[in-house]
1. Can you give me the long-range amide H partners of A423? Hydrogens built in the peptide plane at 1.01 Å from N, cutoff under 5 Å, separation of 5 or more residues or another chain.
2. Return the Cα extents of region 577-642 along principal axes one, two and three, sorted largest first, each rounded to a whole Å.
3. Where in region 560-610 are there GluC sites (Glu not before Pro) that are in a DSSP coil and have at most 12 other Cβ atoms within 10 angstrom of their Cβ?
4. In the neighborhood of K466, defined by Cβ-to-Cβ distances under 13 Å, what is the net charge if each Lys or Arg adds +1 and each Asp or Glu adds -1?
5. Using only the alpha carbons of region 1-127, determine the length spanned along each of the three principal axes and report them from longest to shortest in whole angstroms.
6. Can you list the residues, at least 5 places off or on another chain, whose amide H is less than 5 Å from the amide H of V189, using H built in the peptide plane?
7. First obtain the Kirkwood hydrodynamic radius of the chain from its Cα pairs, then insert it into the Stokes-Einstein equation at 25 °C and 0.890 mPa s, and state the resulting D in µm² per second as a whole number.
8. Count charges around L589 for me, please; just the other residues with Cβ under 14 Å from its Cβ, Lys/Arg as +1, Asp/Glu as -1.
Amino acid sequence: MSTSTEQQSTEAAAFLPSPEFAATARISSMEQYEEMYRESIDSPDTFWAKEANDLSWQEPWSSVLEWNAPDAKWFSGAKVNMAENCLDRHLTSSRKNKAAILWEGEFGEKRTFTYQQLHREVCRFSNALLNEGVQAGDRVLLYMPMIPEAVIAMLACARIGAVHSVVFGGFSVESIVDRLSDCQATYVVTSDGSYRRGKAIPLKANVDEALKSYSGVKKCFVVQRTNTDIEMIDGRDVWWHDVTEAASVHHTAPGFDSEHPLFILYTSGSTGKPKGVLHTTGGYMVGTYSTCKYIFDMNDEDVYWCTADVGWITGHSYICYGPLLNGVTQVMYEGAPNYPDFSRFWKMVEDYSVSIFYTAPTAIRAFIKAGDDLPNAYDLSSLRLLGTVGEPINPEAWLWYHKVIGGGKCPIVDTWWQTETGAIMISPLPGATPTKPGTATRPFFGVDAVILDENGNECPLNTSGKLVVRKPWPSMLRGIYGDPQRFKDTYWSEYEGYYSVGDGAQKDDDKNTWIIGRLDDVLNVSGHRLGTAEIESALVAHSAVAEAAIVGRPHEIKGQAVVGFVILKGDQEAGDELVQELRKHVANLIGALARPDDLYIVAALPKTRSGKIMRRLLKELVATGKVTGNTTTLEDPKVIDDLVAKLQG
Ligand code: WT7
């Protein structure tokens, strides 16, 4: 493997945390980091017990970790309630009347929930769920906009031991059906619609469609957000406002086993079927708590804002759980970054005096394009710390973020992690770590991340290989829901007993880890994971398509764009109309984010003699317009010439 980051990794100058930042930071020097890191690796039980002791446990654990690869039990024997830790725990301190959530709608309307108010709303909805028959262990599918009720619903599920599975509001009817039936959900929480760039987008109508193909749902709770005219089915559908109004604000949080399932979140893999990543309670709680505390250096005075959607893991760990566990005040925003224009975020940073801001490189690139005048028109001096997540950040974007948004004074934490890891794994500690644009730097406490070659040997510095984690960590996934074999095969089989990440990486002379990108057939589009196989099977499901291949092409804003090649069935007419129809078909089956940017109808695809599509060549072709890579295994070399001609239009 080779990488464009190779030279940067060794040559770029490091940015040091300012003495002012370091002075108040929890971890204020590399010596302190190294010492704590050593302890976390040598004596993980002692280290994690200390972290866990910041939180409340209804009954203590008998062991911190039981590890029987790949099965981990963290804080075994303990009884704990996640929602109690996010809410009730703060009600006996001055945090009781502190804002937990400062919510802003797309149209500028504001709602504030103090910790006490949020607690009341969560108790109400917990009681409403119980009144409608939801029991601990039941799966509840959430298909919601970025409104406070999304967080309230997640916390209420956690509070009563129900397992939430949030499906991003941009996903299609088919995606809802797949997820409902994979986890056998019996309850749904949704809203009539959601706002996106000022337009009402239907959500309940999609749920209605989905429930025509899946009959296991007993009750559907509906929040009224857009006042869209929707159908309420008698006996099945209930309004959130009706059931919560009737419900008590009192609820005593029961203790659940530390390993009680907390949520399932679906993510794309290298096959057509998304994986239901399962997270459990105690370890995930400690992991999200502790990463927020050290990496975001959260304090009682902070106003924190993570711009992710609750439909992704970032919204779970760094909107819903981690910040509330830390008792911080956070901003939550309903809509698009460019509504009404690209200054929206900066206006909100000024309006709420945001001090910690966490977003994705793709958003930063879009802001750069929109021009410096927009952020420059606002007072961003409240910011003290910036973060990024989702994909490698290109140095240009990093430097812009640092200078234009951070005023040259804010450390940037480039946080590497995954849906599966539950919490941040590799990241600078803002008061300690020297940073360089483009590297996530050093592993977090307890994370034993190394880079291995094909033979399982550690790669020398500045040489790329496969990123693996050798030791279990508290917030690690506990399985793929309903598929223990796939769990083993996907993550634990390449290097026996080690977690295979799926990313390529290399370390530089300063021990910084540089993430190169996915090694599997997974694209990263605007920081979201998309399986090429998933899009291919959507295309092949269309009656006109015989065969399809999907590859990623570098894209200025999105990181990667989706490019598709299809071969039609014999009797089909190629034409622009069909191309548009196929693109739309993918959006309908998966969601708009999977819609191919470019789609080529071709006569043949490059294949090996054994019939395997050579995606490597297609990738090179869409990136550079030509193919120079090794084509000796190609069955018919002429195919490439035809494709080159086709792309040149
Ligand atoms: C994949 C995980 C973690 C929340 C968002 C995405 C890529 C993530 C970084 C980063 C380079 C990154 C990796 C990873 N990724 N963060 N800071 N630098 N790459 O979660 O959908 O589970 O995707 O995103 O390729 O494997 P996800």
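The values are calculated or read from the model by the stated rules, or taken from the named source; none is laboratory data. Being a predicted model, the structure only gives us computed values, none of them experimental. Using ideal geometry, Cβ is built from the backbone for each residue, glycine included, and neighbour counts are taken over all protein chains shown. Remember, those area values only see protein heavy atoms, side chains included, never the ligands or the DNA or RNA. Shrake-Rupley method; radii C 1.70, N 1.55, O 1.52, S 1.80 Å.
1. Q418
2. Principal-axis extents of region 577-642 (Cα, largest first): 38, 24, 20 Å.
3. Those that pass, being in a loop and sparsely packed, are E573.
4. Working: positive: R470, K507, R518; negative: D453, E454, E458, E494, D503, D520.
Taking every other residue near K466 into account, the sum is -3.
5. 56, 48, 36
6. L141, L142, Y143, F221
7. Values: Rh = 25.5 Å.
Answer, rounded: 96 µm²/s.
8. -1
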